[in-house]
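A short worksheet on the structure shown next.
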């Protein structure tokens with residue numbers, strides 16, 4: 001195929017992302033918009049880029065181009081939602097909460113959030129998290145670690161500037177390591193740590209270093225990823241097979257034997273990226289399949305997403321389940337192996353419901369919602385209302401789901417409301433308690 005078809009689409013992303021980056025760094029924000037764009041970049045733009053290389057020899061470039069075209073429509077509509085109606089929704093959220101001027105700054109709070117998150121992940125998730133209807137609560141509760149680390153970065157910057165901020169970021173590297181050892185996944189940890197880094201980037205000066213840092217981190221991330229993929233099967237066999245921690249570390253440590261820097265001219269490495277970090281292919285397959293069959297969902301998955309917010313404890317026989325595999329097969333006509341995990345992502349889900357108009361409308365709404373939450377969380381951060389910041393940040397993080405389904409997104413959002421209300425009630429007394437002088441803000 002003529003690979004030049006990718007060029008204007010790749011460039012269109014630059015046009016869409018430029019004002020969104022400006023919004024993140026020049027307006028009240030907590031990084032949600034930039035975090036969502038980063039995930040879209042990772043799962044769509046990057047895959048299209050490797051297909052655009054003249055020397056690449058990757059399959060199904062026509063399908064990738066069709067899918068990337070829909071993703072480009074999506075990111076442009078997302079940008080429109082962010083810029084046109086996002087701030088208005090943010091102000092409406094603040095008005096409804098009615099607490100934008102109430103300060104709840106407490107330097108002890110980041111540690112409390114982190115502790116609560118650790119308890120959720122290591123204690124509650126393996127116990128009550130296995131009870132149907134409660135599994136989402138400890139999952140969201142564990143994200144309090146991210147909230148606490150973000151606020152810790154905020155405090156560190158106030159006290160020590162860039163030096164304190166960089167020092168506060170060092171412990172965040174533990175997150176992807178823990179998730180890799182305990183669950184066998186690398187991408188989840190990278191996404192979580194990127195949320196913290198994007199939050200912290202708002203404080204860092206000078207800005208030009210951030211651009212250099214992003215390019216450096218992107219390159220080293222790709223280097224680590226292609227090295228990980230060479231040993232992924234062995235690592236997951238050790239993790240999922242219930243082997244000891246030392247055996248898991250032993251499997252992970254073998255990555256250094258196959259370590260090699262990423263080269264954009266290495267077609268084997270491009271195949272690795274294309275195989276696992278490129279959602280465009282399945283979107284393009286759905287475009288071709290649905291053009292032939294017209295078997296669109298006509299809003300069925302959106303209705304399911306609304307119903308997913310009802311807790312299973314209140315509706316034990318709820319017919320809605322998380323997961324994307326069967327739905328992806330239905331929309332693309334491709335049968336996947338039982339052990340193959342395939343995320344549907346918003347581009348395919350919106351297209352699968354209403355075609356291109358679904359992508360445009362769906363991403364416009366996503367842009368409005370994510371920017372509204374981003375704006376509200378940013379204002380809460382500026383005014384020192386850390387309780388409402390936590391509640392808004394948890395809800396916003398549940399919306400940053402670029403590789404999963406809308407059902408997963410809304411279920412997580414509902415769980416975040418429960419977690420936030422519980423944590424706010426528990427921390428009210430702690431906020432009213434005297435703050436030791438040694439912990440007072442500088």
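Once each part is reduced to its C-alpha centroid, what is the distance from the stretch 226-249 to the stretch 3-48 in angstrom?
Cα centroid to Cα centroid, the span is 33 Å.
Taking only C-alpha pairs under 8 Å that are 6+ residues apart, what is the relative contact order of the stretch 1-124 in percent?
31
Once you have the Kirkwood Rh of the stretch 1-110 from its Cα pairs, apply Stokes-Einstein at 25 °C and 0.890 mPa s and quote D in µm²/s. Could you put the intermediate results ahead of the total?
Numbers: Rh = 16.3 Å.
Answer, rounded: 150 µm²/s.
Computed from the mean reciprocal separation of all distinct C-alpha pairs, what Kirkwood hydrodynamic radius does the stretch 107-224 have, in Å?
By the Kirkwood definition, the hydrodynamic radius is 15.3 Å.
7 Å from Cα along Cα→Cβ at both residue 219 and residue 336: what's the point-to-point distance in nm?
3.3
Can you tell me the orientation of helix 280-293 relative to the chain, as the angle in degrees between its alpha-carbon axis and the longest Cα principal axis, to the nearest 10?
The angle comes out at about 60 degrees.
Sort the following peptides by mean Cβ neighbour count (other Cβ atoms within 10 Å, averaged over residues), highest first: 392-405, 293-306. List each step's numbers first, then the result.
On the way: 392-405: 23.6, 293-306: 14.8.
Averaged packing, sorted descending, gives the order 392-405, 293-306.
Taking one equal scatterer on every alpha-carbon of the stretch 3-434, how large is log10 of I(q)/I(0) by Debye at q = 0.11, 0.12 1/Å?
-0.89, -1.08
Determine the distance separating the Cα centre of the stretch 381-426 from the Cα centre of the stretch 74-138; give it in Å without decimals.
2
So how many Å³ per residue does the convex hull of the Cα atoms of the stretch 160-283 work out to?
Enclosed volume per residue, from the Cα hull, is 134 Å³.
Separation of the stretch 156-193 and the stretch 270-296 by C-alpha centroid, Å?
Rounded to whole Å, the Cα centres lie 33 Å apart.
With an 8 Å Cα cut-off and a minimum separation of 6 or more residues, compute the relative contact order for the stretch 3-434 in percent.
30 percent.
Using only Cα atoms, find the angle between the long axis of helix 61-84 and the longest principal axis of the chain, and express it within 0 to 90 degrees, rounded to the nearest 10.
It is inclined by approximately 30 degrees.
Taking the Kirkwood radius as the inverse of the mean 1/r across Cα pairs, report the Rg/Rh of the stretch 348-398.
1.20
Just from its helices, what would the mean residue ellipticity at 222 nm be for the chain, if runs of 4 or more DSSP H residues each count -39500 (n - 2.57) and the sum is divided by every residue, rounded to the nearest 500 deg cm²/dmol? Before the final figure, lay out each step's value.
Working: 20 runs with 302 residues, N = 442.
Taking each H run of at least 4 residues, the total per residue is -22500 deg cm²/dmol.
Here, each number is a calculation from the coordinates, and none is a lab measurement. Remember, predicted model here, so these are calculated numbers, not experimental data. Cβ atoms come from the backbone with ideal geometry, glycine included; neighbour counts cover every protein chain shown.
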